[in-house]
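S.K.: My structure is below; once you've seen it, I'll send some questions.
None of the figures in this text is laboratory data; all of them are computed from the coordinates on show. Predicted model only: the values in this text are computed from it and were never measured. Every residue, glycine among them, receives a Cβ derived from its backbone with ideal geometry; neighbour counts consider all protein chains shown.
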Amino acid sequence: MGGVKLIHAAMPHSLFSDAVDIFEQLIAFDTTSRDSNLALIEWVESYLTRHGIGFVRLPNEAGNKANLYATIGPNIEGGVILSGHSDVVPVDGQDWHSDPFQLRYSDGKFYGRGTCDMKGFIALALAAVPLFKQGQRPVHLAISYDEEIGCRGAPAMIAEIADKIPAPRLAIIGEPSMMGLIKGHKGIAVHEVLVTGHEAHSSLTHLGLSANMVAVELMHDLAELSRNLWDKADVTSAFVPPHSTLTIGEIKGGTATNILAGHCRFAFDLRCPPGADPEAILAPFMEKSRALDAEMAAAFPGTGINVHKISATPPLSPQAGSDAEAFVRTLTGDNGPAGAVAYAAEAGLFQRAGFPSLICGPGSIEQAHQPNEYITADQMERGAAFMERLAEALR
Ligand SMILES: [Zn+2]
């Protein structure tokens, strides 16, 4: 905290110094995905109001979280969407050396939960609002919730933006990319499987049905499926690894070794590069689940298998030589090869809605979700320069 004041005192007034002020505010809101983000949204609303900018708040059904979007500059086509998510991953069980919800500056780094993923980008975009106001073309700010738990917040906002806003030129999703250009990301489908068995003493296997034993059979199939995905690797792919991946991340079942398990739950995620169809990949598994489910219900009424999709985020398909890419390169000055990443982001959703979309933001994904998450002052400065050049380009 003292460190933040110190770096401030040493800085002339600039977009960077304004961004650090805002950054401090944004980090102080604990917007862990399981909790409300409304305090942050209200703060952003009052900031925009102070600058004479109107906004639209889109609450979730429960009313405890909201997306926010705002148009800065004339409401005409040819604008640029700047997109960021307001939520952060939990700090539970992580070894933090300072309060994760208090921005701390030390040795050229800003520490705090969400510094690199991705409140730094949002702070920079907000700090540039006075510059964007002078544009001939608009900037549309799009701030979502629940990105970290399967991009659940953004779809409603993206649908409304597609419906109500005059066609933008492109969308820039400010996930940490060290200000490099990311043209592709994998899609993710997360499924939960609930197996209901019939409890009995474990010695009397003919009188019950163990949910665990059925789950193991299903998981065996998924393990085999996962191994087979390796054989479908596309060596020319920019993705690492260059194929779809499947892993079972959670398993919980049974209550005691001498009871046939009544319940077992497991969840798996399937990550597919553009072109691979998650539904086709899972079709044999779904078929097997349905067959087993029918068999179980026939043997013991009330038992069975329930598979449901928790989330599905579409991939971002790289577009060769696009106008969006050329435009972002003039802002970053980066002529290196564009990357493709294995983490999913909201870019695929924007692309699916018809907007040319790219990922470009400050900070490194290696620091995301980590204890003592940080972003370097150098990356924030590069982000500030990016916003200044964007404002210039829209003038
Ligand atoms: Zn993120």
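S.K.: Here is a list of conditions, (1) within 16 Å of the ligand (Cβ to nearest atom); (2) of a type in the set (D, E, K, R); (3) under 20 Å from GLU381 (Cβ atoms), and ASP146 meets all of them except one; can you say which number that is?
M.R.: (3)
S.K.: I'd like the residue in the range 258-305 that is β-branched (Val, Ile, Thr) and crowded, with 20+ Cβ neighbours inside 10 Å and, out of all such residues, is farthest from SER237 (Cα to Cα).
M.R.: By that ranking, first place goes to THR303.
S.K.: Which residues, taken from the range 69-102, are closer than 14 Å to ILE165 by Cα and of a type in the set (A, V, I, L, M)? Give the steps one after another, and end with the answer.
M.R.: From the range 69-102, those closer than 14 Å to ILE165 by Cα are 69-82; that's our starting set.
Hits for the range 69-102 are ALA70, ILE72, ILE76, VAL80, ILE81, LEU82.
S.K.: What is the number of the single condition among (1) over 28 Å from PRO273 (Cβ atoms); (2) touching a helix residue (DSSP H, G or I) at 6+ places or on another chain (Cβ under 7 Å); (3) surrounded by fewer than 16 Cβ atoms within 10 Å (Cβ to Cβ) that ASN335 does not meet?
M.R.: Status for ASN335: all satisfied but (1).
S.K.: Only one of (1) within 16 Å of the ligand (Cβ to nearest atom); (2) surrounded by fewer than 24 Cβ atoms within 10 Å (Cβ to Cβ) is not met by ARG137, so which one is it?
M.R.: Tallying (1) within 16 Å of the ligand (Cβ to nearest atom); (2) surrounded by fewer than 24 Cβ atoms within 10 Å (Cβ to Cβ), ARG137 fails exactly one: (1).
S.K.: For LYS309, all conditions in the list (1) touching a residue at least 60 places away in the same chain (Cβ under 8 Å); (2) in a helix (DSSP H, G or I); (3) of a type in the set (Lys, Arg) hold save one; what is the number of the exception?
M.R.: All conditions are met except number (2).
S.K.: In the range 317-349, what residues are hydroxyl-bearing (Ser, Thr, Tyr) and within 16 Å of the ligand (Cβ to nearest atom)?
M.R.: Start the filter on the range 317-349 by keeping residues that are hydroxyl-bearing (Ser, Thr, Tyr), which leaves 317, 322, 330, 332, 343.
TYR343 - this is the single residue of the range 317-349 that is hydroxyl-bearing (Ser, Thr, Tyr) and within 16 Å of the ligand (Cβ to nearest atom).
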